[in-house]
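Report on one structure; see the data block that follows.
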Amino acid sequence: MEEDWNDIERGLGGRSITNITFPHENSMLRVARDSTLGDEERTLLCHELCVEIQYYKMLLRNAQNINESQYNISMEELQASCPNEARLKQCDFHTPNIKEKLMENRGY
């Protein structure tokens, strides 16, 4: 992960940093703090993030810096959190078209 981080830093004109430590919260088993989001809320959140989840899955599928085992672990974690969206190939709704808003506010 440090190598990836430094590749991005250099690509953006920055410099490499050594001995970077990254938290591994997503690799731990669920703990009591995860229960603050109830099943109904989690289902709703997953549904609302469906498009983003589909992009996440596409990024995982196309990532060249993870192996099959890492891919499978990520998909299992997604399946545990958002089973419907993990299974879907496409969401049952589309994101709003914000092209006009971008043109008006940012010029592109």
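Derivation of every value follows stated rules applied to the coordinates shown; laboratory data play no part. Since the model is a prediction, treat every value here as computed from it, not as a measurement. Please note: Cβ atoms are built from the backbone with ideal geometry, for glycine as well, and neighbour counts cover all protein chains shown.
Extents of the chain, taken as max minus min of Cα coordinates on every principal axis and listed largest first, are 46, 43, 28 Å. Could you work out the relative contact order of the chain, using alpha carbon pairs under 8 angstrom and six or more residues apart, expressed as a whole percent? Value for the chain: 21 percent. Per-residue packing, averaged as other Cβ atoms within 10 Å, sorts the ranges 77-88, 55-66, 97-108 into the order 77-88, 55-66, 97-108, beginning with the highest.
Computed from label points 7 Å out along Cα-Cβ, the spacing between N97 and L49 is 2.8 nm. Stokes-Einstein diffusion for region 34-95 at 10 °C, viscosity 1.306 mPa s, with a Kirkwood radius from C-alpha pairs, works out to 129 µm²/s.
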